[in-house]
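Visitor: My questions will all concern the structure given below.
The values are calculated or read from the model by the stated rules, or taken from the named source; none is laboratory data. Only a predicted model underlies this, so the values are computations on that prediction, with no experimental measurement involved. Positions of Cβ are generated from backbone atoms using ideal geometry, with glycine treated the same way; all protein chains shown enter the neighbour counts.
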Amino acid sequence: MDPLFIVVIDDDQSVCKAVRRLLRAALMEVETYASGQTFLDAVLNRDPDCLILDIRMPGLTGPDLRDRLQQMGRRIPIVFITAHAEDVVSERSVTADGADVLRKPFGDRELLDAITRTVRKSARENKSGFRAIVRYRTKGP
């Protein structure tokens with residue numbers, strides 16, 4: 001089976017780098033983008049299995065990008081991430097479609113579990129089956 005293909009979109013390159021390292025160690029294929037527009041402009045061979053998407057970014061925000069993708073007919077599962085406590089107030093609107101929201105800093109297992117939940121939920125909703133079994137290696141209990 002092919003590994004999960006995850007795209008990380010965050011204007012903080014240290015977050016992109018850390019998440020890319022974690023997901024590659026978990027045997028996932030990963031691409032990172034510094035903005036929603038850069039992602040939209042990219043020519044991808046296939047849609048990602050999941051987006052890790054920062055809520056607040058210059059230009060297109062995470063929710064704006066989600067809405068734009070849906071308007072284009074691209075329903076990609078999303079895990080939102082944020083470093084801003086104020087986003088807790090708007091979390092209900094972000095998660096109206098059932099997306100996970102993780103607050104930075106988040107733990108490795110917390111992110112991996114959110115990806116697994118999100119991809120499985122999407123597979124059930126689409127009745128398409130889970131394309132890949134998510135297996136990841138973590139240290140500790």
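Visitor: For the list (1) free of Cβ contacts under 8 Å to residues at least 60 places away in the same chain; (2) under 17 Å from A114 (Cα atoms), I need the number of the one condition that D67 fails.
Guide: Evaluating D67 over (1) free of Cβ contacts under 8 Å to residues at least 60 places away in the same chain; (2) under 17 Å from A114 (Cα atoms) leaves (2) as the failure.
Visitor: Taking the stated definitions as given, is L27 modelled with pLDDT of 95 or more, of a type outside the set (K, R) and surrounded by fewer than 14 Cβ atoms within 10 Å (Cβ to Cβ)?
Guide: Details: modelled with pLDDT of 95 or more: yes; of a type outside the set (K, R): yes; surrounded by fewer than 14 Cβ atoms within 10 Å (Cβ to Cβ): yes.
Yes; evaluated as a whole, the condition is true for this residue.
Visitor: Can you go through V134, V119 and tell me which one is surrounded by 15 or more Cβ atoms within 10 Å (Cβ to Cβ), outside any helix (DSSP H, G or I) and either modelled with pLDDT under 60 or not charged (D, E, K, R) (or both)?
Guide: Working: V119 fails: outside any helix (DSSP H, G or I).
Going through V134, V119 in turn, just one is surrounded by 15 or more Cβ atoms within 10 Å (Cβ to Cβ), outside any helix (DSSP H, G or I) and either modelled with pLDDT under 60 or not charged (D, E, K, R) (or both): V134.
Visitor: Given the conditions (1) of a type in the set (A, V, I, L, M); (2) over 20 Å from V15 (Cβ atoms); (3) modelled with pLDDT under 90, which single one is not true for V101?
Guide: Result: V101 passes all but (2).
Visitor: Ok, one more. Under 9 Å between Cβ atoms, at least 6 apart or on separate chains: pull out the pairs that start in the range 30-41 with a residue that is closer than 21 Å to L111 by Cα and end on any residue that is surrounded by 15 or more Cβ atoms within 10 Å (Cβ to Cβ) and among the polar types (S, T, N, Q).
Guide: That search, which allows pairs on different chains as well, returns G36/T61.
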